[in-house]
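Here the structure is laid out as structure tokens; the discussion comes afterwards.
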Amino acid sequence: MTLDTLDSDSIDLNNTATNYQISLRNISKVFPGNNNLLDKLTGKTKADFTAIEEIDLDIEHNTFVTIIGPSGCGKSTMLDIIAGLSTATTGTVTIDGQLVDKPGPDRGMVFQNYALMPWMTVKDNIGFAVKTVYPKMPVKQQRRIIKENIQLVGLTGAENKHPHELSGGMRQRVGIARALAINPQILLMDEPFGALDALTRGFLQDEIERIWEQQRKTAIMITHSIDEALLLSDRIVMMTKGPAATIAKVLEIPFPRPRDRTTVENHPDYLKLKQQMEDHLYRETRAVEASRIK
Ligand SMILES: Nc1ncnc2c1ncn2[C@@H]1O[C@H](COP(=O)(O)OP(=O)(O)OP(=O)(O)O)[C@@H](O)[C@H]1O
Ligand SMILES: [Mg+2]
């Protein structure tokens with residue numbers, strides 16, 4: 001892994017202290033090619049594709065980490081491996097020392113495209129997750145958990161609506177409530193606000209900040225928004241462009257909590273951190289474009 005730009009704002013990824021909840025070691029993902037598939041344009045067969053290569057990352061309990069990097073660099077690939085939805089070609093993910101090889105109730109996932117069941121109401125979408133994870137839980141307790149989480153994301157009154165009757169922002173709230181309702185130790189979010197308009201997005205970012213202050217669950221979120229990352233994160237993982245993407249730098253975000261936009265934007269380090277992220281994203285995205293032109 002190259003850490004050429006490491007500076008005083010960065011953390012030591014090789015620190016071997018034991019307090020880490022999530023540890024990625026030497027994670028690579030190669031999507032296999034296909035010798036039988038001939039590309040008509042190039043006349044070549046489909047080659048193996050290395051999306052991410054030799055990624056090491058440690059995440060402490062109760063921290064909010066965001067992953068940011070150029071489109072297609074492998075952010076979702078990495079999150080899916082942590083979620084246990086995809087397996088790494090090499091390397092290991094451990095959570096509290098246990099090897100991850102499948103999804104588990106310790107990890108709640110919020111998907112970019114909501115992934116709700118269209119024939120189920122808000123209440124039942126959340127309830128289905130709760131029943132699946134806690135099949136022996138008394139119905140009364142299940143109902144209480146469903147109600148509490150609907151309330152937490154501000155959906156009280158919409159319990160009996162179906163996804164098609166909800167706005168994009170409301171659907172995303174159901175996705176967040178569903179992930180929180182199983183009371184996971186870790187919340188994984190893949191661009192949870194990507195499909196939303198700017199106002200709804202800002203509102204939901206504030207909601208996530210508020211909920212996170214209450215629960216302080218370890219969270220890993222993918223975003224393309226620098227301001228979103230700066231508002232929510234304790235650490236920001238900046239990835240290089242793919243193929244064979246890796247971690248360029250991890251920024252420590254020193255803003256005190258609880259946060260709001262004004263306190264974040266007025267912090268003396270805000271502009272410097274924002275500039276560092278902009279420079280990184282600009283450089284990596286320009287490199288992607290340059291490699292396309294070649
Ligand atoms: N199943 C697959 N087979 C082959 N290549 C894949 C597969 N899934 C992803 N890739 C490739 O791996 C790379 C990383 O994909 P990934 O979805 O992780 O990127 P990303 O950083 O999440 O991008 P975005 O910001 O656009 O969501 C991309 O080049 C993508 O084309
Ligand atoms: Mg993605």
*From (1) away from ligand 2 (no atom under 16 Å from the Cβ); (2) closer than 28 Å to residue 287 by Cα, pick out the condition that doesn't hold for residue 101.*
(2)
*asked:* Filter region 173-195 down to the residues that are away from ligand 2 (no atom under 16 Å from the Cβ) and within 16 Å of the chain's Cα centre (by Cα) and list them by number.
replied: 173, 176, 177, 178, 179, 180, 184, 185, 186, 187
*Looking only at region 67-83, decide whether some residue is within 15 Å of ligand 1 (Cβ to nearest atom) and part of a strand (DSSP E or B).*
yes
*asked:* Looking at 242, 154, 202, can you tell me which residue is part of a loop (DSSP other than H, G, I, E, B) and surrounded by fewer than 22 Cβ atoms within 10 Å (Cβ to Cβ)?
replied: 154
*Could you say whether any residue in region 50-69 is at pLDDT below 95 and either within 12 Å of ligand 2 (Cβ to nearest atom) or hydrophobic (A, V, I, L, M, F, W, C) (or both)?*
no
_Residues satisfying the stated conditions in region 25-61, i.e. over 17 Å from the mean Cα position of the chain (by Cα) and not in a strand (DSSP E or B)_ = 32, 33, 39, 40, 41, 42, 43, 44, 47, 48
*Residue by residue through region 265-294, note down the ones that are under 12 Å from residue 239 (Cβ atoms) and of a type in the set (Ser, Thr, Tyr).*
285
*Out of all the residues in region 100-112, which are modelled with pLDDT of 95 or more and either within 12 Å of ligand 1 (Cβ to nearest atom) or over 24 Å from residue 134 (Cβ atoms) (or both)?*
none
*Can you name the number of the only condition in (1) outside any helix (DSSP H, G or I); (2) in contact (Cβ under 8 Å) with a residue 24 or more places away in the chain; (3) within 20 Å of residue 110 (Cα to Cα); (4) not acidic (Asp, Glu) that residue 160 fails?*
(3)
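The values are calculated or read from the model by the stated rules, or taken from the named source; none is laboratory data. Since the model is a prediction, treat every value here as computed from it, not as a measurement. In this analysis, Cβ positions are derived from the backbone assuming ideal geometry, glycine residues included, and neighbour counts consider all displayed protein chains.
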